[in-house]
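Before any comments, here is the structure.
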Amino acid sequence: MTTILPGSTIGFLGGGQLARMAALAARAMGFEVHVLDPDPDCPAAAIASHVVTARYDDIAAATAFARTCDVITLDIEQVATESIAAASVHAPVHPGAAPIHIIQDRGRQKAWLQQHGFPVAPFRIAHAPHEVEQAWQVLGRSIAKTTSGGYDGRGQARIRSVHDLPAASALTESATVVVEQWIELAGELSVMVARSSTGEVRTFPVSWNHHDNGVLAWAMTPAPVSDTTTEAAIALASSIAAQLGIVGLLAVELFVTMDDTLMVNELAPRPHNTFHATERACLTSQFEQQVRAVCGLPLGSTALLSAGAIVNLLGDLWPTSGEQPAWNRALEVNGVRLHLYGKKVAKPGRKMGHLSAVGPTPEAARDAVLDAFSRLLPQ
């Protein structure tokens with residue numbers, strides 16, 4: 001496998017905040033950065049030397065884009081696999097079309113995990129309202145999720161009783177739906193696996209995550225769980241990455257049940273919100289590791305420098321008058337840093353940035369970012 005050295009060009013299919021942060025790491029290492037995204041003002045555009053404005057299913061655009069790159073990676077898994085395949089004729093694309101085909105559809109993803117013996121909650125696939133009802137009759141309390149397109153709580157509906165069926169069934173009007181049995185949780189973890197084009201593998205310290213209304217609110221690392229749970233989570237995630245043949249990054253979101261059993265929730269073949277704290281807490285950030293992995297460079301150490309935490313900043317924080325939140329108040333908290341993603345329009349529920357902190361314990365880092373976050377709220 002050819003090593004892609006600094007001075008070469010890395011292309012990103014997708015120019016969101018993940019591409020922006022990985023592009024900053026790539027720039028620091030001496031790489032050129034090109035981006036393809038439907039939005040000419042996407043967050044990564046400010047970092048790139050060349051931006052192609054095109055849909056993710058525009059095969060001709062992906063082909064032309066690939067001719068300008070030495071290696072290509074992803075910011076988002078919803079890139080058409082046909083575009084990935086076409087681009088890969090001219091430059092290596094990591095991850096490739098095969099794992100992306102599995103991951104980008106929740107139904108295929110769940111079925112693949114189940115077929116390969118990985119633990120998932122009981123589920124059914126529904127194409128029509130009556131199939132949603134049939135799934136609920138079998139599974140009981142459950143949650144319906146569209147198989148593609150939905151994230152951060154969008155495209156989901158909880159089914160607690162027969163009264164919730166209409167809202168869940170309505171999801172089938174525009175998409176296939178996964179109906180998944182509701183699991184009582186002790187918590188949620190995520191594991192980040194990096195696999196290089198050379199076959200080298202490293203994992204980051206496990207993250208402990210807290211969601212509000214289906215959207216990540218905060219995350220801290222290392223997760224406050226037993227060594228046994230940590231080792232089991234890392235082994236599970238590493239096995240999934242190997243069987244998928246991932247080159248680059250794979251985040252594996254895991255449920256921890258009340259009896260301390262692990263179940264796979266979802267997979268993400270890219271940098272992940274729950275590992276933004278690695279920029280400060282680890283010797284190598286997830287973003288630098290993505291660059292190293294897809295370029296075939298030696299992977300960096302993921303050792304902890306200290307515990308870390310982040311809290312998400314959603315568009316809801318922005319005053320409707322167009323003013324900025326009170327950043328000066330948040331930054332009064334010692335050790336807290338602000339990272340904004342360069343998005344020009346703040347919308348409710350939209351991830352606009354995050355606050356990060358490090359500390360002697362995960363809880364101390366978490367408390368610092370939550371303290372800073374609380375100072376942004378209306379007084």
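From the list LEU250, LEU262, which one is outside the structural domain of ILE76 (by TED's automatic domain parsing), more than 24 Å from VAL79 (Cβ to Cβ) and in contact with a strand residue (DSSP E or B) (Cβ under 6 Å, 6 or more places away or on another chain)?
Exactly one residue qualifies, and that residue is LEU262.
Select, from ARG270, ARG292, the only residue that is basic (Lys, Arg) and within 17 Å of PRO99 (Cα to Cα).
Every option except ARG270 fails the conditions.
Of everything in the range 76-92 that's polar (S, T, N, Q) and part of a helix (DSSP H, G or I), which residue is surrounded by the fewest Cβ atoms within 10 Å (Cβ to Cβ)?
THR81
Which pairs have Cβ atoms under 6 Å, sit 6 or more apart or on different chains, and link a residue in the range 2-26 that is without any contact (Cβ under 8 Å) to a residue 60 or more places away in the chain to one that is crowded, with 23+ Cβ neighbours inside 10 Å?
Partner pairs satisfying both residue conditions: ALA19/PHE12; ALA19/ALA44; ALA19/ASP75; ALA23/VAL33; ALA23/ALA44.
Which pairs turn up if I take residues in the range 331-350 that are in contact (Cβ under 8 Å) with a residue 40 or more places away in the chain and surrounded by 16 or more Cβ atoms within 10 Å (Cβ to Cβ) and look for partners that are among the basic types (Lys, Arg) and assigned to a strand (DSSP E or B) with beta carbon separation below 9 Å, at least 6 apart in sequence or on another chain?
TYR341/LYS351; LYS343/LYS351
I'd like the residue in the range 106-157 that is at pLDDT below 95 and among the β-branched types (Val, Ile, Thr) and, out of all such residues, is farthest from the chain's Cα centre (by Cα).
Among them, the one singled out is VAL138.
I'm trying to understand the selection: among the residues of the range 106-117, which are surrounded by fewer than 19 Cβ atoms within 10 Å (Cβ to Cβ) and either part of a loop (DSSP other than H, G, I, E, B) or out of contact with any helix residue (DSSP H, G or I) (no Cβ under 8 Å at 6 or more places or on another chain) (or both)?
Within the range 106-117, ALA111, GLN114, GLN115, HIS116, GLY117 meet the criteria.
Given the residues THR53, THR73, THR63, THR9, which is the only one that is crowded, with 24+ Cβ neighbours inside 10 Å and of a type in the set (S, T, N, Q)?
Every option except THR73 fails the conditions.
Looking at the range 282-329, which of its residues are closer than 25 Å to PHE12 by Cα, of a type in the set (A, V, I, L, M, F, W, C) and surrounded by 16 or more Cβ atoms within 10 Å (Cβ to Cβ)?
Answer for the range 282-329, where residues must be closer than 25 Å to PHE12 by Cα, of a type in the set (A, V, I, L, M, F, W, C) and surrounded by 16 or more Cβ atoms within 10 Å (Cβ to Cβ): CYS282, PHE287, VAL291, ALA293, VAL294, CYS295, LEU297, LEU299, ILE310, LEU313, LEU314.
Among the residues of the range 60-112 satisfying the criterion of being among the hydroxyl-bearing types (Ser, Thr, Tyr) and touching a His at 6+ places or on another chain (Cβ under 9 Å), which is nearest to MET21 (Cα to Cα)?
Taking the candidates together, the pick is THR73.
Does the range 47-63 contain at least one residue that is touching a Pro at 6+ places or on another chain (Cβ under 9 Å), within 19 Å of CYS295 (Cα to Cα) and in contact (Cβ under 8 Å) with a residue 12 or more places away in the chain?
no
Does LEU297 meet the test of being assigned by TED's automatic domain parsing to the domain that holds GLU200 and out of contact with any strand residue (DSSP E or B) (no Cβ under 8 Å at 6 or more places or on another chain)?
For LEU297, the condition - assigned by TED's automatic domain parsing to the domain that holds GLU200 and out of contact with any strand residue (DSSP E or B) (no Cβ under 8 Å at 6 or more places or on another chain) - is met.
Can you tell me which of (1) assigned by TED's automatic domain parsing to the domain that holds ALA217; (2) assigned to a loop (DSSP other than H, G, I, E, B); (3) more than 19 Å from GLN17 (Cβ to Cβ) is the one ARG366 doesn't meet?
Failing condition for ARG366: (2).
Quick check on the range 159-204: of everything there that is charged (D, E, K, R) and loosely packed, with under 14 Cβ neighbours inside 10 Å, which residue is nearest to ALA217 (Cα to Cα)?
The qualifying residue nearest to ALA217 (Cα to Cα) is GLU184.
The values are calculated or read from the model by the stated rules, or taken from the named source; none is laboratory data. Treat the numbers as computed from the prediction; the structure is a model and nothing was measured. Cβ atoms come from the backbone with ideal geometry, glycine included; neighbour counts cover every protein chain shown.
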